[in-house]
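K.L.:
Take a look at the following structure, please.
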Amino acid sequence: MSATERPALRFDILTLFPDVFGPFLDSSILGIARQKGLVSYHLHDIRDYSLDKHRKVDDRPYGGGPGMVMQCEPVFRCCEAVRQMAEPAGRLLLLTPQGRRFDQALARELSGEQRIVLLCGRYEGFDERIRLGLPAEEISVGDYVLSGGEPAAVVITDAVVRLVPGVLGHGESARSDSFADGLLEYAHYTRPPEFRGMRVPDVLLSGDHAAIARWRRDEARRRTRERRSDLLEEDDTTPETQHG
Ligand code: ADE
């Protein structure tokens, strides 16, 4: 299916802070993708689904301890209502540091979906029954603790949207990105050819496209070996000069 025939990838973001997303979703690639009709973003305030007269969504943990825990009722009500707003119900991702680690492979997989529902937590975390009772995949954006899932939702949305066919103007850009082929990306240079004594490698000025492609491949592998040898260990089947 071509980029134009494909239905827009729909994102629903469930959060206590819908206002923080505006600038991210409006600007740059994410904004352009929406303008092109390739994606749509829908923000939902979990507080709107609280049955409490003060719109409370959290409470103290049973058994004591610090912080507050997000309650089941508003989260279940919000998730259920949002999932019914459109077809299909979509992939429901619960954002938590305890989840499966988000990576480029998962971003690629998600870019082929029709709908992604992102559930952002706050405070000490979710009542365990949210995890148990909702058909959610738990996803983490890294081994550190954020104050809430909102930055994680922005990270995931950004990484996925740029892979949706038709979003990036230049067809090559996403293909040569770091991780696209399991390697870090090669170095880029633009004018001038020399800046403060640092010269652009001669090969890039040579006009020899085969030599440039070779240099970039080797550079990508060299960088990956230097900085992220763990990536090569995962997929070390091709020697440098044959890699392509
Ligand atoms: N919420 C808090 N920390 C997080 C993380 N590392 N990934 C996803 N959601 C989170």
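The values are calculated or read from the model by the stated rules, or taken from the named source; none is laboratory data. Nothing here was measured: the structure is a model prediction, and the numbers come from that model. FYI the Cβ positions are ideal-geometry reconstructions off the backbone, even for glycines, and counts take in every protein chain you see.
K.L.:
Please go through (1) closer than 14 Å to LEU14 by Cα; (2) within 15 Å of the ligand (Cβ to nearest atom) for ARG115 and return the number of the only condition it doesn't satisfy.
P.N.:
(2)
K.L.:
If we keep just the residues of region 91-105 that are in contact with a strand residue (DSSP E or B) (Cβ under 9 Å, 6 or more places away or on another chain) and within 30 Å of SER176 (Cβ to Cβ), which is farthest from the ligand (Cβ to nearest atom)?
P.N.:
Per the stated criteria, the residue is ARG91.
K.L.:
Give VAL161, VAL141, VAL145 a once-over and let me know the one that is closer than 20 Å to GLY90 by Cβ, touching a residue at least 40 places away in the same chain (Cβ under 8 Å) and either within 11 Å of the ligand (Cβ to nearest atom) or of a type in the set (D, E, K, R) (or both).
P.N.:
Selected residue: VAL141, the only one of VAL161, VAL141, VAL145 that is closer than 20 Å to GLY90 by Cβ, touching a residue at least 40 places away in the same chain (Cβ under 8 Å) and either within 11 Å of the ligand (Cβ to nearest atom) or of a type in the set (D, E, K, R) (or both).
K.L.:
Run down ASP143, ASP181 and say which single residue is farther than 26 Å from GLY31 by Cα and at pLDDT below 95.
P.N.:
Just a single option satisfies the conditions, and that option is ASP181.
K.L.:
Follow-up. Residue under question is ARG108, and the condition is that it be over 17 Å from TYR41 (Cβ atoms), modelled with pLDDT of 95 or more and either outside any helix (DSSP H, G or I) or within 14 Å of the ligand (Cβ to nearest atom) (or both); does it hold?
P.N.:
no
K.L.:
Here is a check on your reading of the model: is TYR123 within 14 Å of the ligand (Cβ to nearest atom), free of Cβ contacts under 8 Å to residues at least 60 places away in the same chain and not assigned by TED's automatic domain parsing to the domain that holds ARG222?
P.N.:
Against the criterion (within 14 Å of the ligand (Cβ to nearest atom), free of Cβ contacts under 8 Å to residues at least 60 places away in the same chain and not assigned by TED's automatic domain parsing to the domain that holds ARG222), TYR123 does not qualify.
K.L.:
Here's something else I'd like to know. Give all pairs with beta carbons closer than 6 Å in which a residue from region 91-120 that is on the phi < 0 side of the Ramachandran plot meets a residue that is among the acidic types (Asp, Glu) and not in a strand (DSSP E or B); count only pairs at least 6 apart in sequence or on separate chains.
P.N.:
Correct list of pairs: ARG91/GLU113; CYS120/GLU150.
K.L.:
Next up: Quick one: count up the residues across region 176-206 that are touching an Asp or Glu at 6+ places or on another chain (Cβ under 8 Å) and not acidic (Asp, Glu).
P.N.:
Adding up the residues that qualify gives 7.
K.L.:
Are any of the residues in region 111-119 in a strand (DSSP E or B), of a type outside the set (A, V, I, L, M) and under 13 Å from the mean Cα position of the chain (by Cα)?
P.N.:
no
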